[in-house]
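Structure, as C-alpha cells:
Here, each number is a calculation from the coordinates, and none is a lab measurement. Quantities reported herein were computed from a predicted structural model and do not represent experimental measurements. Positions of Cβ are generated from backbone atoms using ideal geometry, with glycine treated the same way; all protein chains shown enter the neighbour counts.
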Amino acid sequence: MKVFDLHCDTITECCKNCVSLYDNYMHLSLKRMEKFQKYIQIFAVWIRDEMRGEVARQYFDKVADYFYKQIEENKNVISAFGDKSETKVKAILSVEGGSACGGTLDGLTHLYNRGVKLVTLTWNSPNEIASGAFSEGGFTSFGKDFVKLAEEYGIILDVSHLNRESFYDFIKISNKPFIASHSNADIVENSKGRKRNLTDEQIRLVKEHNGIIGLNFCRNFLESDGFFGIDSFVRQIDYFLSLGCENNIALGSDYDGCSIHSDFAGVEKLFSVYNILAEKGYSRELLDKIFYENAHRFFSENL
Ligand SMILES: [Zn+2]
C-alpha cells in the first residue's frame, strides 16, 4: 500500500533529541516506513511561537541541516520528492510557522534556496505574516508580500493553524492552489478542535481552489461525543464525503507532534487503519485516494 502524509513533526523531534530518523521510538521511522510500497512524507521544521527573527531563522537552519544529514545517511531508503532516486520513501521539506524566514523576504529566499517546498504560514500565535488559530487579527502587510513571493517561488502555502480572519485574508491574496496540511472538519465539540478545524465554508473554499486537506490524527481535533480512535476518524471521512470532498482529502497525521489514539499511533498502524476502513465498506479506490492519490496528484501538479 502507498502513503502520502502531509504533516509530521518527526524531524524536529529527532533533531531536538539527537535521534536517528532510521530507527527510533517515535511515531515515524524509516525502518517502519520502508515496509510500505511507497511512502511520501512532508517533514516540518516546527518554529515555536517563542521564536522570532534571527533566532527562528537559525533554528530552521539547525533542523534543516539535521534533515539533510539524515537523508544523506539513509540515501538507500529516502530521497527528495522529485529527484530520480528510486527509494521507497520520498521526503518533502516544510516549515510549520513562516517565522522561519526571520521576518524578512530575504529570509524567505533563504528558505527557498534551502529546499523548503511548503510553508504553514503560522503556528497558534500571531507572527510577522498573520495571526494563528489561538489569537486575534489577520494578515499583516508583510504577510501579503510574503504570500506573493512564496507563490512566485512555487512554494505551496498551507492554511492549517490560521485563524478564521487570517484564512479569509489569505483567500483574497493568494493566486495558487493551497492546502490545509493537518486540519479536520469543525464537528468536534471541544475548544481546541473548534479553533483548529475547518468550517463548511472554509472546506468549500479549499475545494474551490483545487486544494487538499490532510486529516489530522490528533485526539483534540477528532474525539468528542463518544467518538474515539478509528470511529472519530470515520466520522470525519463521512463528513467530508457529505461535502463532496472525495478528491480533496488526504492524510495529515501530525505524527510526533501531538497526542494520538493507539489506533493510529505509529506509521505501522496505517496498514490496520486501511484494512478496518475497507472492512467497513469504503472502496479501495476511495481509500487509495485518501491515503495517497489525492496528495500525489496535487503535488505532481503544483510542485
Ligand atoms: Zn501543527
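Remarks
- Hits in segment 91-100 (condition: within 28 Å of Lys75 (Cα to Cα) and part of a helix (DSSP H, G or I)): Ala100
- When segment 199-214 is filtered for residues that are outside any helix (DSSP H, G or I) and either of a type in the set (Asp, Glu) or surrounded by 23 or more Cβ atoms within 10 Å (Cβ to Cβ) (or both), the ones remaining, listed by number, are Ile212, Ile213, Gly214.
- Qualifying residue in segment 157-166 (condition: more than 16 Å from the ligand (Cβ to nearest atom) and within 27 Å of Ser300 (Cβ to Cβ)): no
- Residue tally, condition among the charged types (D, E, K, R) and within 16 Å of the ligand (Cβ to nearest atom), over segment 130-155: 0
- Selection within segment 103-129 - small (Gly, Ala, Ser) and within 15 Å of the ligand (Cβ to nearest atom): Ser125
- Condition check for Gly53: surrounded by fewer than 24 Cβ atoms within 10 Å (Cβ to Cβ), touching a residue at least 60 places away in the same chain (Cβ under 8 Å), closer than 26 Å to His161 by Cβ and away from the ligand (no atom under 16 Å from the Cβ): no
- The residues in segment 171-193 that are more than 18 Å from the chain's Cα centre (by Cα) and not hydrophobic (A, V, I, L, M, F, W, C) can be counted, and the count is 6.
- Exclusive hit being among the hydrophobic types (A, V, I, L, M, F, W, C) and under 30 Å from Glu279 (Cβ atoms), set Leu205, Leu198: Leu198
- Against the criterion of being within 26 Å of Leu108 (Cβ to Cβ), within 19 Å of the chain's Cα centre (by Cα) and within 16 Å of the ligand (Cβ to nearest atom), His209 does not qualify.
- Of all residues in segment 223-261, those satisfying the criterion of being part of a loop (DSSP other than H, G, I, E, B), within 14 Å of the ligand (Cβ to nearest atom) and crowded, with 18+ Cβ neighbours inside 10 Å are Gly252, Ser253, Asp254, Asp256, Gly257.
- Number of residues in segment 1-50 that are within 16 Å of the ligand (Cβ to nearest atom), within 13 Å of Ile92 (Cα to Cα) and either aliphatic (A, V, I, L, M) or not in a loop (DSSP other than H, G, I, E, B) (or both): the value is 11.
- Verdict on Glu189 being within 23 Å of Ser232 (Cβ to Cβ) and either assigned to a loop (DSSP other than H, G, I, E, B) or out of contact with any strand residue (DSSP E or B) (no Cβ under 6 Å at 6 or more places or on another chain) (or both): yes
- Residue check, Glu165 closer than 18 Å to Ala180 by Cα and surrounded by fewer than 17 Cβ atoms within 10 Å (Cβ to Cβ): yes
- Restricting segment 71-87 to residues that are within 20 Å of the chain's Cα centre (by Cα) and either at negative phi or in a helix (DSSP H, G or I) (or both), the residue that is surrounded by the most Cβ atoms within 10 Å (Cβ to Cβ): Ile78
- Residues in segment 184-198 that are away from the ligand (no atom under 14 Å from the Cβ) and not hydrophobic (A, V, I, L, M, F, W, C) were compared, and the one that is surrounded by the most Cβ atoms within 10 Å (Cβ to Cβ) is Asp186.
- Entirely in segment 262-303, the helices (runs of 4 or more DSSP H) that have 3 or more residues that are touching a residue at least 24 places away in the same chain (Cβ under 8 Å): 269-279, 294-302
- Within segment 89-102, the set of residues being within 16 Å of the ligand (Cβ to nearest atom) and farther than 27 Å from Lys31 by Cα comprises Gly97, Gly98, Ser99, Ala100.
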